[in-house]
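Down below is the structure, laid out as structure tokens.
A short reminder: the numbers here are calculations on the coordinates, not readings from a lab. Everything numeric in this text was worked out from a predicted model, so none of it was measured. When we count neighbours, we look across all protein chains shown, and the Cβ atoms used for this are built from the backbone with ideal geometry, even at glycine.
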Amino acid sequence: MRILKRLFWMGVAALGALALGLIATRRGEPLNAVWLVAAAACLYAIGYRFYSRFIAYRVLEMNPRRATPAERLEDGRDFVPTHKWVVFGHHFAAIAGPGPLVGPILAAQFGYLPGTLWIVIGGVLGGAVQDFVTLFCSVRRNGKSLGEMAKDEISELGGYTALFAVLFIIVIVIAVVALVVVNALKSSPWGLFTIAMTIPIALLMGIYLRYLRPGRVLETSLGGFVLVTAAVIGGKYVAESAMLARVFSHGAEAIAWMIILYGFAACVLPVWLLLAPRDYLSTFVKLGTIFALAIGIIAVRPAMLLPPLTRFTDGTGPIFAGKVFPFCFITIACGAISGFHSLISSGTTPKLLSVETHARLVGYGSMLLESFVGVMAMIAASVLQPGIYFAINSPAGVVGATAEKAVATISAWGFPVTQQTMAEMASKVGELTLFNRTGGAPSLAVGMAHIFSNFLGGAELMPIWYHFAIMFEALFILTLLDAGTRVGRFMLQDLLGHFWKPLGRTGWYPGVMVTSAAIVGAWGYFLYQGVVDPLGGINSLWPLFGISNQLLAAIALCVCTTILIKMGKTRFAWVTLAPLAWLVAVTMTASYQKIWSPDPQLGFLSHAQRLSEQIATGTVPASSIFETHRLIFNDRLDAAVTAVFALLVLVILFESGRNWLLYALGRKKPVLNEAPMQLSRRFAAEV
Amino acid sequence: MRIRPMIWKPNIHPLVTALRKIWEYLREACGEYDYERYVERARALGAEPMTPQEFYVSQLEHKHSRPTRCC
């Protein structure tokens, strides 16, 4: 039996190596996507079976006999011992956001190879380790949050750094994902109608759940899903009706304002009315669609038309500027390693685990599944003809505002595409145009529609699949926007309550309105800035998002490393130190280049400088001078925000490093702030 | 001797069991048993439990006051 097991794992390793070898060396002929799936699945299986086991039992010395907070503090509300697969489902639904779908789509400008390797290797050695160890640390501390752990285990300054980092990241995350939705819905009456319909559907669900059948989430969500599917199909008739199409056709600026108003309304309305039902609906649609995409890829086995490496690894990419190092690793955060996950791992999840060792399945396992979502997104981008991929994702400011100019520029890069091909593709998916649809969502939707229609329904259903995919992305992005704005409001109220008590009261309506407006105003500003940016906004906002997310991951890994050292596991500290070192290298290089690079496409300050010179030399028309001044201000603001992020990383690193040194020199006694060991009820009879 | 006609009866029992388990899993994951658990716990502690509606709203208020969805 033992020999059979060994042979099995040797077979898995051999298949993984073969698949990786093919991915890395195949040139010319398109590679089948199944090889990517095989390589990822084998690496995940090996990572889970061996590496996570090593971390669980050698490094963390997890103990299944130790009572978890869910058991010790059980209150039927917060602390509830829950079946491990239910916690796994909750945790995965919480961590799987738009990031692992959109990031790989954008990073595909380098080709599929760098992004895929980073998603798989980064996931196994970095992201899953961060999620798992953070979850373990929180379980051992009665479910404390990352900020509380940073304060207790590192220092008070470390705690405040974490708090500010979370607030900043919420603002940037919402702005960037809202920009993705704006770019997906602009001039798309079908898409806008479908998403608009999700609001009354959610309200209906909210009233049903509140007054008619409290807590009956499953039946309500299934009913909501039927209505949303009807809205997707109904969108076709809206797009075909001249009058209705006009009502639902809007430009990017108008849609940005609609989203800003929607965000404010969702934040101040009762949570049961809009936010919660939307959350249920989007979770169902999200998990169902991800599952269907996995089945579709395996059933269709599409060929990857995008090359493994493109010429844009040199930093001249049209979607975002910057070389493959560090920008591939900044662009793909969720899917490989995402700091935001540490907030979930130190939030609800640790209060639900019934057995300590379940943290391995929930923390490590669900991150591997999220990483696989990233691989699927990369496949969805790679099944497109490269010319079509670049035509959809490149901003007008780079390839030209007209279709003629755009195809000429993209074809000159070596990715041939014609106006006719683009017109046919737009017509196939039921859109007027697919040029300059930056942000990743439309190209992901085209890729998904391609896979789904090959699997079910053929070309006839392609427009339905495309708009279903758009609805799926926009629905859970808007849910993130609702939830994030509300959490940001609570954090801001908590902070301002220290200065003036009424502002801290979550039930005081003027305080709610003021703080909601402040949070919505903050992300709304960045969103608007992205919408009016001639380079498409993604070029400046997505790297900011990546840097802020990796900053949070750096904080989480500092906390984890400190705790490992305090546990007397210094010889195993490399488990969290290695991904931390990589993240610091990536974040610092990216921050430096985004601020100081002399290339105006990349560096914020050099771009501002170039615009200032254009004004000074009179090359900017008088009518655009105000607009140009605003662009200069935005560049400087982005540079300042990047500098603040980098500074926060340095502060937390300095604080942690100082403590590690003091422990090593014996000048400070490491004090572990764990809850005392208590034997689980399940084993109490043995004593 | 009468020969009984051969009727193929598929054994659908495992399928029904599996579907029932999936349904139960989904109900559990959606928190549909939370209220029952809460009432049990509240009564054990000697507290007056909230009504289903109050419990539902209070759970939502609590859940959405901290990060629950990732980017």
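Provide Rg and Dmax in Å for the stretch A:157-303, with only Cα atoms included in the calculation.
Spelled out, the Cα radius of gyration and Dmax of the stretch A:157-303 are 18.0, 59 Å.
Based only on Cα atoms, what mean projected area does the convex hull of the stretch A:542-589 have, in nm²?
Computed as one quarter of the Cα hull surface, the answer is 3.0 nm².
Normalise the Debye intensity by I(0) for the stretch A:429-573, one equal point scatterer per Cα, no solvent, then take log10 at q = 0.15 Å⁻¹ and round to two decimals.
The Debye formula, applied to the Cα set alone, gives -0.98.
Shielding by partners for B:51-64, please: the mean number of other protein chain Cβ atoms within 10 Å of each residue's Cβ. Display every interim value, and only then the final one.
Details: counts 1, 4, 6, 1, 4, 9, 7, 2, 6, 12, 6, 4, 8, 10.
Mean partner-chain Cβ count within 10 Å for B:51-64: 6.
Would you calculate a helix-derived [θ] at 222 nm for chain A, using -39,500 (n - 2.57) for each DSSP H run of n ≥ 4 and dividing by the full residue count, to the nearest 500?
On the way: 30 runs with 467 residues, N = 687.
Computed mean residue ellipticity for chain A: -22500 deg cm²/dmol.
For the stretch A:294-350 and the stretch A:430-472, what is the centre-to-centre distance using only Cα atoms, to the nearest Å?
The stretch A:294-350 and the stretch A:430-472 have Cα centres spaced 20 Å from each other.
Going from the alpha-carbon gyration tensor of the stretch A:1-148, what semi-axes, largest first and in whole Å, does one get by taking the root of 5 times each eigenvalue?
Over the Cα atoms of the stretch A:1-148, the semi-axes work out to 35, 21, 13 Å.
Mind pulling the angle between the C-alpha long axis of helix A:538-566 and the longest principal axis of chain A? Nearest 10 degrees, somewhere in 0 to 90.
Helix A:538-566 sits roughly 10 degrees off the main axis of chain A.
Please report the Cα spread of the stretch B:13-63 along all three principal axes, rounded to whole Å, starting with the longest.
Projected onto the principal axes, the Cα atoms of the stretch B:13-63 cover 43, 24, 14 Å.
Going through the stretch A:582-687, which trypsin sites (Lys or Arg not before Pro) have at most 15 other Cβ atoms within 10 Å and a DSSP loop state? Show your work: numbers first, answer last.
Working: sites: A:Lys594, A:Arg610, A:Arg630, A:Arg636, A:Arg658, A:Arg667, A:Lys668, A:Arg681, A:Arg682; in loops: A:Arg667, A:Lys668.
When the trypsin sites (Lys or Arg not before Pro) of the stretch A:582-687 are filtered for loop state and at most 15 Cβ neighbours within 10 Å, A:Arg667, A:Lys668 remain.
List the pair-distance distribution P(r) of the stretch A:239-355, using every Cα-Cα distance, as the percent of pairs falling in each 10 Å bin from 0 up to the bin containing the longest distance, rounded to whole percents.
Using 10 Å bins, I get a P(r) of 9, 15, 32, 31, 12, 1 for the stretch A:239-355.
When you count, for each residue, the other Cβ atoms within 10 Å and take the mean per peptide, how do A:583-592, A:43-52, A:494-503 rank with the highest first?
Ranking, from highest mean packing down: A:583-592, A:43-52, A:494-503.
Put +1 on the Cβ of every Lys and Arg and -1 on every Asp and Glu Cβ in the stretch B:13-63; which of B:His62, B:Gly31, B:Leu45 then has its Cα farthest towards the positive end of the dipole?
Going by the charge dipole, the pick is B:Gly31.
Given axes a ≥ b ≥ c from the Cα gyration tensor, I'd like to know whether the stretch A:236-299 is rounded (a/c under 1.5), prolate (a/b larger than b/c) or oblate.
Verdict is oblate for the stretch A:236-299.
Explain nothing, just the number: relative contact order of chain A, from Cα pairs under 8 Å at least 6 residues apart, as a whole percent.
Averaging sequence separation for qualifying contacts and normalising by length gives 24 percent for chain A.
How many percent of all Cα-Cα pairs in the protein assembly as shown sit more than 42 Å apart?
The calculated P(r) of the protein assembly as shown puts 27 percent of pairs beyond 42 Å.
Using a/c under 1.5 as the rounded threshold, could you call the stretch A:383-423 rounded, prolate or oblate? The axes a ≥ b ≥ c are square roots of the C-alpha gyration tensor eigenvalues, and prolate needs a/b larger than b/c, oblate otherwise.
rounded
Could you calculate the FRET efficiency of A:Lys405 with A:Glu627 from 1/(1 + (r/R0)^6), where r is the beta carbon distance between them and R0 is 25 Å, rounded to 0.05?
Efficiency computed from Cβ-Cβ geometry: 0.70.
List the relative contact order of the stretch A:161-316 as a percent without decimals, with contacts defined as Cα pairs under 8 Å and 6+ residues apart.
Contact order relative to length: 32 percent.
Nearest 10 degrees, 0 to 90: what angle lies between the long axis of helix A:275-300 and the longest principal axis of chain A (Cα atoms)?
With rounding to tens, the tilt is 80 degrees.
Rounded to whole Å and ordered largest first, report the semi-axes of the equivalent ellipsoid of the stretch A:588-638 derived from its Cα gyration tensor (root of 5λ).
Equivalent ellipsoid semi-axes, largest first: 23, 11, 6 Å.
Sort the stretch A:97-190 into rounded, prolate or oblate with this rule: let a ≥ b ≥ c be the square roots of the eigenvalues of the Cα gyration tensor; rounded if a/c is under 1.5, and if a/c is not under 1.5, prolate when a/b is larger than b/c, oblate otherwise.
Taking the square roots of the gyration eigenvalues as a ≥ b ≥ c, the stretch A:97-190 is oblate.
Please report, in whole Å³, the volume per residue of the convex hull around the C-alpha atoms of the stretch A:587-687.
201
How do A:Arg278, A:Arg141 rank when sorted from fewest to most other Cβ atoms within 10 Å of their own Cβ? Could the numbers behind the result be given before it?
On the way: A:Arg278 26, A:Arg141 21.
In order of increasing Cβ crowding within 10 Å: A:Arg141, A:Arg278.
Going Cα to Cα from A:Lys186, which aspartates and glutamates come in below 18 Å? Please leave out same-chain ones fewer than 8 positions away.
Output for A:Lys186: A:Glu240, A:Glu253, A:Glu431, A:Glu473, A:Asp533.
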